[in-house]
Amino acid sequence: MTTDVTTESSVLCEIGDGVAVITLNRPDKLNAFNEEMHLALRAALERAEADESVRALLLTGAGRGFCAGQDLGDRNVSGDVELDLGHTLETFYNPLIRKLRALPLPVICAVNGVAAGAGANIALACDIVLAARSAKFVQAFCRLGLVPDSGGTYSLPRLVGEARAKGLALLGEALSAEQAEDWGLIWRAVDDDGLIAEAGKLARHLATQPTAGLAKIKQAIQASLDNDLDAQLDLERDLQREAGRSADYREGVAAFMAKRAPVFQGH
Ligand code: LHQ
């Protein structure tokens, strides 16, 4: 049930059933990013975050690709102009990755086709990644003399280990969705024609769950990548203390005891 649609053409945002569906929408460029698309995506994320009805976010791409990373036609590489790709990361990609990781609700990514360069790593920054069986993940940076960005050098070794991270990043070969699932890079590869339905179903399910509790789970698992056991145990104590004071915890227990389905408010 759609309640609204933004007008930015390079990024679509539909909100309904507790879910914001954000679609990258430059299909003739395989949804590669230019500045306008970055700004439109930022606006869509801000809108979703500000809408109290939104309790899950679904990111996907229009057309046959998910996202081919940076639009390589978007800047002058002739040598006449001094380039500062670090500025592009600082201004656009890094805030985007930080936002996806910090959003206090589950972010599902439906990788509908090829995910290359920053496009692959944006997908990997999401909480649950589903990919169409025909989709591929390409760490294309090495082919251009660049370094994996958008958190790739952080997420890859943590998800698949150093050997596979280096193989992917140094060779730039396409990894199939099924191999990505086997390696633990993504949650699941699904049939192409069922991807959006399955991702939507998952997002709508998550939107009925204890949102604040899910946000704490996300926070704790992300923190564990850098914490030692003592710090993590302390964090679990603090988060559980907060979670135990929530209305959703009371509802979950009451529903269990009464042998009825819980109705969570998200807080
Ligand atoms: C594209 C693109 C694209 C423009 C396909 N740009 N048009 C951050 C900071 C600042 C700068 C530098 O970069 C970064 C981070 C990065 O993301 S670097 C990595 C950038 N991305 C890539 O290197 C991937 C380039 N694309 C490809 O390797 C292939 O297109 C893939 C493997 C994604 C898909 O291959 P195919 O399925 O064979 O499609 P195609 O190559 O035929 O592309 C279809 C169209 O999309 C085509 O246009 P055309 O007018 O000929 O139909 C491409 O030119 C266009 N396209 N990627 N990144």
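The values are calculated or read from the model by the stated rules, or taken from the named source; none is laboratory data. All values derive from a computational prediction rather than experimental measurement. Here the Cβ positions follow ideal geometry from the backbone for every residue, glycine too, while neighbour counts run over all protein chains shown. With ligands, DNA and RNA removed, areas are computed over all heavy atoms of the protein, side chains included. Shrake-Rupley method; radii C 1.70, N 1.55, O 1.52, S 1.80 Å.
R0 = 30 Å: FRET efficiency of R64 with H205, Cβ-based, nearest 0.05?
Working from the Cβ atoms, E equals 0.65.
Looking at the square roots a ≥ b ≥ c of the eigenvalues of the Cα gyration tensor of the range 158-246, which shape do they give, rounded for a/c under 1.5, prolate if a/b is larger than b/c, or oblate?
oblate
For the chain, what is the relative contact order in percent, using Cα pairs closer than 8 Å and at least 6 residues apart in sequence?
Relative contact order here is 16 percent.
Could you rank K201, K216 by how accessible they are, 1.4 Å probe, largest area first?
K201, K216
Run the quick spin-label model on R241 and V81: label points 7 Å from Cα toward the beta carbon, then report their separation in nm to one decimal.
5.3 nm
Is the shape of the range 113-267 best called rounded, prolate or oblate, per the rule: a/c under 1.5 gives rounded, else a/b larger than b/c gives prolate, else oblate, with a ≥ b ≥ c the square roots of the Cα gyration tensor eigenvalues?
Here the range 113-267 falls in the oblate category.
Calculate the dipole size of the range 120-267 relative to its Cα centre from +1 charges on Lys and Arg beta carbons and -1 charges on Asp and Glu beta carbons; express the result in debye to the nearest 20.
Using Cβ point charges on Lys, Arg, Asp and Glu, the range 120-267 gives about 400 debye.
In square nanometres, what is one fourth of the surface area of the convex hull spanned by the alpha carbons of the chain?
Averaging across all directions leaves 15.6 nm² for the Cα convex hull.
Only helical DSSP H runs with n ≥ 4 go in: add -39500 (n - 2.57) per run for the chain, normalise by residue count and round the 222 nm mean residue ellipticity to 500 deg cm²/dmol.
It lands at -12500 deg cm²/dmol.
Does the range 211-258 come out rounded, prolate or oblate by the C-alpha gyration tensor, with a ≥ b ≥ c the root eigenvalues, rounded set by a/c under 1.5 and, if not, prolate when a/b is larger than b/c and oblate if not?
prolate
Normalised by the number of residues in the range 94-196, what is the relative contact order in percent for Cα pairs under 8 Å and 6+ residues apart?
30 percent
May I ask you to evaluate 6.51 cos²θ - 1.76 cosθ + 1.60, the Karplus curve with θ = phi - 60°, for each residue of the range 245-254 and list the ³J(HN,Hα) values in order in whole Hz, giving x for glycine and proline?
Calculated HN-Hα couplings, in order: 9, 8, 5, 5, 5, 4, 5, x, 5, 4 Hz.
Which of the peptides 90-97, 131-138 is most tightly packed, and how do the rest follow, going by the mean number of other Cβ atoms within 10 Å of each residue?
Highest to lowest by the protection proxy: 131-138, 90-97.
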